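To start, the structure under review is shown below, and the notes come after it.
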Amino acid sequence: MIPSVLPTYSRAPLSFVKGEGSWLIEADGRRFLDLGAGIAVNALGHANPELVAALTEQAGALWHTSNLYQIPQQQALADKLVEASFADTVFFTNSGTESCELAVKMARKYWYDKGHPEKTDIIAFSGSFHGRSSAGIAAAGSEKMTKGFGPLLPGFVHLPWGDDAALAEAISDTVGAILVEPVQGEGGIIPMADDKLKALRALCDDKGILLILDEVQCGMGRTGRLFAHEWAGITPDIMMVAKGIGGGFPLGAVLATEEAASGMTAGTHGSTYGGNPLGCAVGSKVMDIVTGPGFLDEVNRKAGLLRQKLEGLVASHPEVFEAVRGSGLMLGIKCVAANMDVVKAGYDQLVLTVPAADNVIRLLPPLTISDDEIDAAIARLDAAATALVAETA
Ligand SMILES: Cc1ncc(COP(=O)(O)O)c(C=O)c1O
């Protein structure tokens, strides 16, 4: 008999009743160190007091009015995002996949309005992940996500990640945009090198193509800059964000330049819940904290510390781990042992990590993780690796 919850997830046998900063607590009191942060969502930790205050204050005043009316909380958050980024304008969604939908629509409408309705193709890359909507799975294109769900939304060209020659060849008159994650998340924590991202921007400028960045997982301070593309010194035309922007409240956004957004006039897009007062009140507080004095410096310092300690961990367990990679507090350990076995061994040591493609485990801790918690993370991962080796000996 089918379970009452549609069985689309392989869930771990864990269930939490409370969160506190970097910790998740089960009903029996067991405390797990959360290095997954809800897959890069709880950027400021669980039950962050400032976010709880922002949420409860707004909850006591007004939850929802719809986008029929002015929403001051939405305006305030949009102003902050515009002020802190390349963008001139913002549309709020509830998730990353909805941000993908709008990014695709925006790019196509741009070219339609410019008198180039043929420029509907969007180039995307192998290993990418852009969400589970029809546009999201068609954009990523992997068999795992698309099989059985056809006919797929047309207009996506899939290229191998990092193949410059294939990219140059794929640029045709029907290509309107390139869509890329500056750091692939689900694909196994694969950063695009700064010079590659610069070259991509230059190519888009040269050919008059829109650059869409998917910063759903790598954005909002995760790599140590507010947005990951800042490391390369480039800006996109359109950018998708979600996850960390709401700190755990479902919130996403599409940021764009005035030019790229020029086709999105009244009536061309909408969302019942997108930009609701609750989500935006929380998002505004997240922005204040992440862009506040010294916050990102601390992320970078802790990222350096964690990375250095992980290098030591990997070196001391060559039967389990192969290499560390990633950017800031978006780190992946390529495993020698099966990554799911490592994740499960972590459960036994009360530490949570997240599997990704390419036999990687992801470490995406709250950006607020402390130095002591970093030490505890290493000790628990060390114990997990030791136990795994003992088990398989
Ligand atoms: C890079 C990227 N894009 C899009 C999405 C989809 O976001 P959501 O699950 O909020 O719809 C994800 C989710 O993991 C993601 O990592």
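The values are calculated or read from the model by the stated rules, or taken from the named source; none is laboratory data. All of these numbers come straight from a predicted model, not from anything done at the bench. With ideal geometry, Cβ positions are generated from the backbone for all residues, glycine too; neighbour counts draw on all protein chains shown.
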- Query: Name the residues in the stretch 61-105 that are closer than 18 Å to A135 by Cβ and either acidic (D, E) or in contact with an Asp or Glu (Cβ under 9 Å, 6 or more places away or on another chain) (or both), would you?
  - Reply: T93, G96, E98, S99, C100, E101, A103
- Task: Please verify whether the stretch 70-83 includes one or more residues that are in the same structural domain as S172 (by TED's automatic domain parsing), in a loop (DSSP other than H, G, I, E, B) and under 15 Å from C280 (Cβ atoms).
- Result: yes
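Yes/no matrix, rows are residues, columns are (1) farther than 23 Å from D34 by Cβ; (2) surrounded by fewer than 22 Cβ atoms within 10 Å (Cβ to Cβ); (3) not assigned by TED's automatic domain parsing to the domain that holds W111:
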site: E259; (1), (2), (3): yes, yes, no
site: P277; (1), (2), (3): yes, yes, no
site: G346; (1), (2), (3): no, no, yes
site: Q349; (1), (2), (3): no, yes, yes
- Query: Of the residues that make up the stretch 153-170, is at least one within 16 Å of the ligand (Cβ to nearest atom), over 30 Å from I333 (Cβ atoms) and either surrounded by fewer than 23 Cβ atoms within 10 Å (Cβ to Cβ) or without any contact (Cβ under 8 Å) to a residue 60 or more places away in the chain (or both)?
  - Reply: yes
- Residue count for the stretch 159-215, restricted to those that are farther than 24 Å from E322 by Cα and of a type in the set (S, T, N, Q): 2
- Query: Say we look at the stretch 129-169 and pick out the residues that are touching a strand residue (DSSP E or B) at 6+ places or on another chain (Cβ under 6 Å) and in a loop (DSSP other than H, G, I, E, B); which of these is farthest from V183 (Cα to Cα)?
  - Reply: G155
- Message: Need a quick list: strands (runs of 3 or more DSSP E) entirely within the stretch 317-393 having at least 2 residues that are closer than 24 Å to P13 by Cα.
- Response: 330-335, 354-356, 360-363
- Odd one out for E101, checked against (1) within 16 Å of the ligand (Cβ to nearest atom); (2) more than 22 Å from Q217 (Cα to Cα); (3) not in a loop (DSSP other than H, G, I, E, B): (2)
- Message: Can you say whether G176 is part of a strand (DSSP E or B) and either surrounded by 21 or more Cβ atoms within 10 Å (Cβ to Cβ) or more than 14 Å from the chain's Cα centre (by Cα) (or both), as far as the supplied structure shows?
- Response: yes
- Hey, I212 within 16 Å of the ligand (Cβ to nearest atom) and under 19 Å from V104 (Cα atoms) or not: yes
- Note on the structure: (1) among the polar types (S, T, N, Q); (2) within 16 Å of the ligand (Cβ to nearest atom); (3) touching a Gly at 6+ places or on another chain (Cβ under 6 Å) all hold for T120 apart from (2)
- Among G224, G233, G270, G244, which is buried (at least 24 other Cβ atoms within 10 Å of the Cβ), of a type outside the set (A, V, I, L, M) and either in contact (Cβ under 8 Å) with a residue 12 or more places away in the chain or touching a Ser or Thr at 6+ places or on another chain (Cβ under 8 Å) (or both)? G244
- The residue from G148, G187 that alone is out of contact with any helix residue (DSSP H, G or I) (no Cβ under 8 Å at 6 or more places or on another chain) and touching a residue at least 60 places away in the same chain (Cβ under 8 Å) is G187
- Task: Would you be able to tell me the number of residues in the stretch 215-259 that are assigned to a helix (DSSP H, G or I), within 16 Å of the ligand (Cβ to nearest atom) and within 15 Å of L200 (Cβ to Cβ)?
- Result: 2
